[in-house]
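What follows is one structure encoded as structure tokens, with my remarks underneath.
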Amino acid sequence: MIIEALIGFTFLAALVVMLAPDEYAGRLAFGLSLLPVVGSLYMWSQFDATGNALLEGGSLAFETQVPWLTAAGYQIQWFVGVDGISLPLIVLATVLSSLAILSAWTPIDSRQSQFFGLMLFMEANLLGVFTALDFFLWFVFWEAVLVPMYFLIAIWGGPRRKYAAIKFFVYTNIASLIMFIGFMALVFNLDVNTFGLPAVAVALRSGGLSGAFGLSPTALKTAAFAAMFLGFAVKVPVVPFHTWLPDAHVEAPTPASVMLAGVLLKMGTYALLRFNFTMLPDVATQYAGVIAIFAVVSVIYGALLALAQQDLKRIVAYSSVSSMGYVILGLVAYTQLGVGGATFQMVAHGLISGLMFMAVGVIYNVTHTRMVGDMSGMADRMPVTVGILVAGAFGYMGLPLMAGFAAEYFIFQGAFASSVIPVAPLFTAVAMFGIVIVAGYLLLAMQRTLFGPFRLETDYEVTRAELHDTLPLMVLLLCTIALGVAPDIFFTMIKEAVTPILAIGGGA
Amino acid sequence: MNQWIAVGALALMGVGIPLGMIAVSSLIRPSVPEQGKSSTYESGEIPTKSAIGIQFNIQYYMVALLFVVFDIETVLLFPWTVIYQPALESGVGLMTLLFPMLVFIGVLVIGLVWAWRQGAVKWARSEAATRRKTEHNS
Amino acid sequence: MVVYPDWAALAPALALAVTGLVLLLIDSVDPDDSRPGLLAGTAVVGTLVSLGYAGWFLASGTGQVDGGTGAISLYRDALVVDGMALFFQAVFAVVTALVCIASYDYLKERAYQAEFYSLVMFAATGMAVMATANSLATAFIALELASLPSYALVAFLKHNRGSVEASLKYFLIGALSSAVFAFGISLVYAATGSLLLADVASALSALDGGLTGVAAIGVLMVAGGFAFKTASVPFHFWAPEAYEGAPAPISAFLSSASKAAGFAVLFRVFTTAFPLDAAGVDWMLLFQVLAVVTMTLGNFAAATQETVKRMLAYSSIGHAGYALIGLAAWSGGAPGSVENGAVLGASMAHLLVYGFMNTGAFLFVALAEQWDVGRTFEDYAGLGSRAPMASVAMTVFMFSLAGVPPFGGFFSKLFLFAGAVDAGFWWLAAVGVVNSTLSLYYYSRVVKALWVDDPVGEFELGGTPTGLYVAVVFAAVGTLLLLPGFAPVIETAQSVAAALVP
């Protein structure tokens, strides 16, 4: 029941904040958003699931399964539950939402109640995405996340916000549609009578697919895999489907960027793991080389694009593309360390990219510019913020004892040992080269903006940031270090949840 | 092929004869254009105005509508009265026989009362009509 | 237990008729419309009574196969009360109630209020009878009873040229299509010798060649008559004009209830009277073509509109195309089988959801007309911060109409398209999906205007009309609740649709 309580409470909180007066909306929203954090931590403490949620032998934590309606002979259910893959993401979503709300106090200066209401509405739907185990339920939440994000960008965004919001909306909606059709094609030709993901996954893995539309079962599987991969790849985003991301990030207000990079991108990789790599391991392993190429291209191309940017936010945005490439590489490796590391990287990257966006946002709040050439020597004026930003950047580069290092280490080790990717060591080596570029652009940008003599091209009085601006940064930094020092707090459960996935894929 | 040919032929004749008559007469008649021929025929009187634009008082239509309603009522009432007595004698209940007609008349009465109250039968209320009348008298 | 007479099954329709008469009586006592609250209140109570009866009958199984008495035939089979009739009567009652609540504010300071409400009631009565019509004659009479008050209602703003012109166009096309419909009926009668749907079906099946052609032309013409009422191609020309010129609550009424009524009688006549193998014309092919043309034309035309009301009018044509899939992909399987109900029921459920979201959308336009903010998309800019509640409701309607997942419209479209795919008409579903995607473009323009765009100039909203607000918010809540509550709706719709063919 706790999942229902959390989602219901967050929806209710969204409604309450929506109706609250603007002056108190931020404080109210932050207060209300703490309860989901506590709730998710409580779930963590009571977590007792074993194995993978979708596959045989797994047991769910906090499971609820209620029939909802029957469509064309298929049962649709309210079916939620948590396993070792989803729990870390739930914790990430609640914590990051709360901190993003806190970080929004300063920059959001109009229509606050709507803004914070939408943030909470999005959080509720994100919780739904990571807990739903019925395809329809999941899809409803999945799409519902888009609506608040569209408004967040379109109303509170930068100068080109309308274009960015529409682009975001259209890209991700069309992608969802393609994915939807792909999944439907699978279910309709499968001997199941439910849209429950576990049943579909088990049936697919045991090879119960019949051919349709003149395609053989294998061809149908491949086509559906491609459709779903395409649909999720837009969300992740994987190069070449990434072009909506920089626009959305640059135009979005900072708290929305935090959510976008920190949690929304993870929806894509989470879905890839749940659908493509869990349900169709044979196709995934067969085309592992192709997917690995996508992954490595994302890593390198994203990093190179980041290198060419002048806008701090764009730099972080493109580096997200690069980081998500690691996740794909880890997933396709089909080793425990690879898939587990990819899942771990989702959390780690959520924290670190959230940190980076927030820090850039804090700097922007006082300087009103994000251009690398417009400022230098910010370290003198904002020591705390800059300190955290530097620490976060090192986390990005994979400094040991930080979450990013652990994640990337797992992924590289997993990918290196992969028996699925052809010439795995080569791919791994090329992907590792991405880290060098990351280090390059981050150091370059920081050296130019943060250090050296103070100079600012805009006419604003630079003041120290408020405590409620820097507090979320500190919390995120602490979380990042904690996960880096003791990755096992999540990694143990992740490993257990990903192991059943490898049963066919890894061995084949 | 079958009896449909007859129908087709009849249709053809029906359309063809009038068209033919018009065509023939337009061919053989003399053409003498004259102004008087295009004027409105009013029993030998010289027309004073064009027929277009003469406005009847809207009340005429109202009364006509009410008349039609009750005309149709009569059509329904008549067969009912004819079978009323025999039906009663053959054992049909009074309610079954009387009630539906009462409902029907009731509905019409509501309509009539409403129309009456709205002034549908109040004569020459419109300003235009009053004005025309006074102009005529003066 | 009290045994009710059979005619009591007509209670949903009778409640509407009686309310109309009561309104006339009130107006006779007080011809000056000095108490608008009483008029609106009476109308709303009447529709709610009708809704209550329909809901009660549906729940208790009256006229239904499951747990009920089976279809109740009245007046020598001229009328039949079954699950489908009750389902549609519930839709009409809901829409009429919303329209009446909203009209209270819209009609303020206008003359002829009592007439307005009673005309709405009589039109609703006609629709309720359409849903029960079991003979071509009653179908025709009921259709006229629904249409004639509608003509007058469209012209209600009689000093507004647009309103009068719209009414005249509506009337002329209505008269033409009535003539076509009546001619079609006479041809069917000529071929089969009966007007009762069941007798027509058996006579058609027994037809030995000679008159099949006549019957086929009759069937086509009957389809034309229904195309008018449902605002489908080729008799759709009136819809944009009528919806734009009419008072906005009437646009809501016509585009939701009147359209649903057209579909009610269309579904019944074609599935019960014209068996696919004997009708002499493959009407499934006909409706496939009509569905594709209607939804494509409606959506493409909607995408090019500049005024919101006209966009909604064209989108309403598009939705008629979706609903036509119910017949276009009809399985025509064994009588009473579940497959018969699947796609037809989905279409009915879509009409119910559509009743909420489309009525709500038009009522929002009524609200905007009341505030006098203007008609185009640009004029709606900035309304989001002035009237957040109504704007949230409108956002819900727009996304729901587009079929975006978190709202009721998503499920109804999904079931419709899934039903079409299941019946083997995946290309119909594909056209529908493409159209839905296109529709997102123009629906989101409204949302964008409401929330994102900055207003062109300063403007003040004159007050908050309570009735309109209540109706709009109620419709929005209905649209939202139809997502979790879709199960009973679709199950009822599909079971009553399956029972349609005895």
### Task
Could you tell me the distance between the Cα centroids of the range A:432-494 and the range A:318-363, to the nearest Å?
15
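Once you have the Kirkwood Rh of the range C:205-338 from its Cα pairs, apply Stokes-Einstein at 25 °C and 0.890 mPa s and quote D in µm²/s. Can you show the working numbers first?
Values: Rh = 15.5 Å.
So the translational diffusion coefficient is about 158 µm²/s.
With 10 angstrom as the radius, rank C:Leu367, A:Leu450 by how many other C-beta atoms surround their C-beta, starting from the fewest.
A:Leu450, C:Leu367
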### Task
Would you mind finding the longest exposed-site-free stretch of chain A, with exposed GluC sites (Glu not before Pro) meaning DSSP loop and at most 15 other Cβ atoms within 10 Å?
A:57-456
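When N is the residue count of the range C:91-182, what does its C-alpha Rg come to as a fraction of 2.2 N^0.38 Å? Can you show the working numbers first?
Details: Rg = 14.1 Å, N = 92, 2.2 N^0.38 = 12.3 Å.
Relative to the 2.2 N^0.38 Å estimate, the range C:91-182 comes out at 1.15.
Can you give the Rg/Rh ratio of chain C, where Rg is from the C-alpha atoms and Rh is the Kirkwood radius? Walk me through the numbers before you get to the answer.
Numbers: Rg = 21.4 Å, Rh = 22.4 Å.
On the Cα set of chain C, Rg over Rh gives 0.96.
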### With at most 12 neighbouring Cβ atoms within 10 Å, loop GluC sites (Glu not before Pro) (DSSP) excluded, longest segment of chain C
C:110-305
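Looking at chain C, which longest stretch skips every one of the trypsin sites (Lys or Arg not before Pro) that is in a DSSP loop with at most 12 other Cβ atoms within 10 Å, leaving the sites themselves out?
Details: sites that count: C:Arg76, C:Lys108, C:Lys158.
Free of exposed loop sites, the longest segment is C:159-502.
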### Query
Long-range amide H contacts for A:Asp134: which residues qualify at under 5 Å (H placed 1.01 Å from N, peptide plane, sequence gap of 5 or more or a different chain)?
A:Phe79, A:Leu197
#### Entry: Unit charges at the beta carbon, dipole of the protein assembly as shown: most positive-side option, A:Phe394, A:Leu312, C:Ala85
A:Leu312
### Query
Tell me which aspartates and glutamates have Cα within less than 18 Å of A:Lys313's Cα, excluding those fewer than 8 residues away on the same chain?
A:Asp247, A:Glu251, A:Asp374, A:Glu457, A:Asp469
### Task
With label points built 7 Å along Cα→Cβ from the Cα atoms of A:Leu12 and C:Glu306, find their separation and express it in nm.
4.9
### Query
Going from the alpha-carbon gyration tensor of the protein assembly as shown, what semi-axes, largest first and in whole Å, does one get by taking the root of 5 times each eigenvalue?
65, 35, 27
### Task
Please compute the net charge surrounding C:Leu312, taking Lys and Arg as +1 and Asp and Glu as -1 over other residues with Cβ under 14 Å from its Cβ.
+1
### Task
Could you give me the percent of Cα pairs per 5 Å distance bin for the range C:28-175, shortest bin first, beginning at zero and ending with the bin that holds the maximum distance?
2, 10, 16, 18, 18, 15, 11, 7, 4, 1, 0
### Query
Where the centre of each part is set by its Cα atoms, how far does the range A:100-153 sit from the range C:397-475, in angstrom?
20
### Task
State the answer as a single residue: which of C:Ala133, B:Ser39, A:Asn365 lies farthest towards the positive end of the charge dipole of the protein assembly as shown, with beta carbon charges of +1 for Lys and Arg and -1 for Asp and Glu, about the Cα centre.
B:Ser39
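Take every Cα pair under 8 Å in the range A:124-254 that's 6+ residues apart, average their separations, divide by the length, and report that relative contact order as a whole percent. Provide the component values of the computation, followed by the final result.
Details: 148 pairs, mean separation 42.4, N = 131.
The normalised contact order for the range A:124-254 reaches 32 percent.
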### Query
How crowded by other chains is C:386-397, given as the mean number of beta carbons from other chains within 10 Å of each beta carbon?
1
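So, counting K/R as plus one and D/E as minus one, what does the shell of residues with Cβ under 14 Å around A:Gly341 add up to?
Numbers: positive: A:Lys495; negative: A:Glu408, A:Asp488.
So the surrounding residues net to -1.
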### Query
Just from the alpha-carbon atoms, what are the Rg and Dmax of the range A:374-478 in angstroms?
18.0, 58
### Query
Could you give the angle, 0 to 90 degrees to the nearest 10, between helix C:36-60's Cα long axis and the longest principal axis of the Cα atoms of chain C?
40
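Are there any chymotrypsin sites (Phe, Trp or Tyr not before Pro) in the range A:179-216 that are in a DSSP loop and have at most 13 other Cβ atoms within 10 Å? List them by number.
A:Phe213
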### Task
Using the number of other C-beta atoms within 10 angstrom as an exposure proxy, rank A:His249, A:His368, C:His319 with the fewest first.
A:His368, A:His249, C:His319
### Query
the range C:98-153 to the range A:28-83: how many Å between their Cα centroids?
49
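What's the Kirkwood radius of the range C:350-502 in Å, using all Cα pairs? Write out the running numbers ahead of the final one.
Numbers: mean 1/r = 0.0603 Å⁻¹.
Taking every pair of different Cα atoms in the range C:350-502, averaging 1/r and inverting gives 16.6 Å.
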### Query
Which one of C:Leu312, C:Phe300, C:Ser436 is farthest out on the positive end of the charge dipole of the range C:282-502, using unit charges on Cβ (Lys, Arg +1; Asp, Glu -1) and the Cα centre as origin?
C:Ser436
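At a threshold of 8 angstrom on Cα-Cα distance, excluding pairs fewer than six apart, so keeping six or more, what relative contact order does chain C reach in percent?
Working: 965 pairs, mean separation 77.6, N = 502.
This gives 15 percent for chain C.
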### the protein assembly as shown, helix-only ellipticity at 222 nm - DSSP H runs n ≥ 4, -39,500 (n - 2.57), divided by all residues, nearest 500
-23500 deg cm²/dmol
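Given the pairs A:Lys235/C:Lys309; A:Lys162/A:Lys221; C:Lys229/C:Lys413; C:Lys158/C:Lys448; A:Lys162/C:Lys158; A:Lys221/C:Lys448, which span a C-alpha to C-alpha distance of over 30 angstrom in this model? List each step's numbers first, then the result.
Working: A:Lys235/C:Lys309 35 Å; A:Lys162/A:Lys221 38 Å; C:Lys229/C:Lys413 22 Å; C:Lys158/C:Lys448 34 Å; A:Lys162/C:Lys158 41 Å; A:Lys221/C:Lys448 39 Å.
Going by Cα-Cα distance, A:Lys235/C:Lys309; A:Lys162/A:Lys221; C:Lys158/C:Lys448; A:Lys162/C:Lys158; A:Lys221/C:Lys448 fall outside the 30 Å limit.
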### Relative contact order [Cα under 8 Å, 6+ residues apart], the range A:2-505, whole percent
16
### Query
Size of the dipole of chain C about the Cα centre, Lys and Arg at +1 and Asp and Glu at -1 on the beta carbon, nothing else charged, in debye to 20?
220
### Task
Return the distance in nm (one decimal) between the two label points of a simple spin-label model at B:Gln55 and A:Ala417, each offset 7 Å from Cα along Cα→Cβ.
9.7
#### Entry: Radius of gyration, Dmax [the range A:2-505; alpha carbons; angstrom]
21.6, 70
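Please report, in debye to the nearest 20, how large the charge dipole of the protein assembly as shown is about its Cα centre when each Lys and Arg carries +1 at its beta carbon and each Asp and Glu carries -1 there. If you can, show how the numbers build up before the last one.
On the way: 45 positive and 65 negative charges, 283 e Å.
The dipole of the protein assembly as shown has a size of about 1360 debye.
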### Task
Treat every Asp and Glu Cβ in chain A as -1 and every Lys and Arg Cβ as +1, leave all other atoms uncharged, and give the resulting dipole magnitude about the Cα centre to the nearest 20 debye.
760
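All of the numbers you see were taken from the coordinates with simple rules; none came from a lab. What you see is a predicted model, and the numbers here were worked out from it, not measured in a lab. Reconstructed Cβ throughout: ideal geometry from the backbone, glycine too, with neighbour counts over all protein chains shown.
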